[in-house]
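Have a look at the structure below before the remarks.
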Amino acid sequence: MVADSKLVSYANVCALLAAEVDFGAPVPASQVKDEVYAALNLDQAAVVDWTPERDAGKKAEQREMYRVLEDTHTLNGPRKSDPVLRLRRILVHSTANVAGQQAARDKRLAKAAEDLDKLAGAAGGRHYKTAEKIIARIGVIAAKRRVVSCLRFHVTENNPGVPALTWHFDQEVLEAEAAVDGWYALLTTLPVQKADPGQVLIHYKGQGAVERRYADFKGPPGGCAGLRPSQPARRRPHPGHLPGSAGVLSDRAAGRTRARTGPVHDRPLPGQSPSPPHRPHDLLPSRRTHPADRPHHRSAHRPDHPWRPTPHPRSPRHRHRANPLAADLKR
């Protein structure tokens with residue numbers, strides 16, 4: 001069984017060992033310190049005879065190379081009385097991971113240097129008149145760009161009290177970080193007789209192929225023909241059942257489709273949307289007709305109450321104008 005780093009916990013490993021299940025999983029980064037990787041000798045690592053599919057068409061010097069070492073990893077339980085678990089740990093070095101981590105570090109340092117140069121130029125100005133404000137801004141930049149471990153700075157003040165900033169990156173810290181690039185660890189319960197360190201790595205790299213085969217067996221998202229043949233495939237919902245404006249748009253699209261499939265004389269011209277079916281004007285309710293004459297209308301007016309047609313509402317910008325019907329016609 002191949003899993004991810006979430007599997008590696010004391011309770012899970014105890015359960016797998018009790019069930020005698022062979023597994024392989026990467027060790028969480030927090031469980032292996034950088035000092036462990038820094039003490040490793042890359043020349044003593046064995047080269048794994050395996051090439052990723054993405055590098056199959058590349059030259060030999062451009063392909064990703066893996067080297068492996070082996071030692072023992074210990075897992076301690078939450079209680080002191082819990083037994084200590086000892087598992088095989090495969091230490092893997094990847095040249096592709098080295099290139100990726102170096103590129104990410106250079107990008108972080110470049111962005112941090114740009115922000116620090118702007119801050120050094122603005123020191124003593126309108127927004128950074130005191131050393132406290134400059135130090136607070138440096139803390140924000142260091143946390144955002146993740147350069148807390150290698151950033152060194154000094155804030156000074158001249159005679160008028162104007163602060164100035166000088167900074168640099170610690171090269172020793174950067175070299176120590178670069179020394180552990182490309183390393184990660186795998187845990188496994190497979191014995192040495194079944195799989196050496198290189199074979200353990202190959203089993204772990206085959207996880208993607210297993211997941212792709214499972215996706216192919218599962219089928220498309222619309223149906224699950226491979227896993228649950230008794231369950232019918234998901235049908236497309238009716239346009240009117242869609243929520244919000246999606247149902248309205250789908251209804252309009254369905255109306256256009258029905259109009260295209262109708263008689264030739266009922267089809268709209270190219271580029272023209274079909275008009276809705278017409279209703280007789282005598283069946284359409286009107287604002288100026290009597291409520292009793294409207295179809296399916298419950299009138300609340302009294303029979304003896306004189307009814308007057310409701311005038312159309314006027315916009316607010318026209319309300320100040322005089323009503324021409326109320327004008328004095330004797331003039």
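Within region 147-168, the set of residues being surrounded by 15 or more Cβ atoms within 10 Å (Cβ to Cβ) and within 30 Å of Thr95 (Cα to Cα) comprises Val147, Cys150, Leu151. Of the listed requirements (1) within 29 Å of the chain's Cα centre (by Cα); (2) without any contact (Cβ under 8 Å) to a residue 12 or more places away in the chain, Asp115 misses just one: (2). Residue check: Ala178 meets all listed conditions (1) closer than 24 Å to Ala39 by Cβ; (2) surrounded by 15 or more Cβ atoms within 10 Å (Cβ to Cβ); (3) of a type in the set (A, V, I, L, M) but one, namely (2).
Figure legend. Inter-residue proximity from region 64-87: first residues free of Cβ contacts under 8 Å to residues at least 24 places away in the same chain, second residues of a type in the set (D, E, K, R) and outside any loop (DSSP other than H, G, I, E, B), beta-carbon distance below 6 Å, spacing 6+ or different chains. Indicated pairs: Asp71/Arg89; Thr72/Arg86; Thr74/Arg86.
Yes/no matrix, rows are residues, columns are (1) over 30 Å from Val21 (Cα atoms); (2) under 30 Å from the mean Cα position of the chain (by Cα); (3) in a strand (DSSP E or B); (4) at pLDDT 90 or above:
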residue	(1), (2), (3), (4)
Ser149	yes, yes, no, yes
Arg152	yes, no, yes, yes
Thr156	yes, no, yes, yes
Asp181	yes, yes, no, yes
Ala185	no, yes, yes, yes
Gln199	no, no, no, no
Tyr214	no, yes, no, no
Pro220	yes, yes, no, no
Cys224	no, yes, no, no
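Restrict the check to region 74-86 and report whether at least one residue is under 20 Å from Asp196 (Cα atoms) and surrounded by 12 or more Cβ atoms within 10 Å (Cβ to Cβ). No, that holds for no residue. Residues that are surrounded by 15 or more Cβ atoms within 10 Å (Cβ to Cβ) and either touching a strand residue (DSSP E or B) at 6+ places or on another chain (Cβ under 7 Å) or of a type in the set (Asp, Glu) (or both) within region 113-127 comprise Asp115, Leu116, Leu119, Ala120, Ala123, Gly124, listed in sequence order. In region 37-58, the qualifying residues are those that are within 34 Å of the chain's Cα centre (by Cα) and among the charged types (D, E, K, R), and the one that is surrounded by the most Cβ atoms within 10 Å (Cβ to Cβ) is Asp55.
The values are calculated or read from the model by the stated rules, or taken from the named source; none is laboratory data. Note that the structure is predicted; figures quoted are calculated from it, not measured. Here the Cβ is made from the backbone with ideal geometry for all residues, glycine too, and neighbour counts use every protein chain on show.
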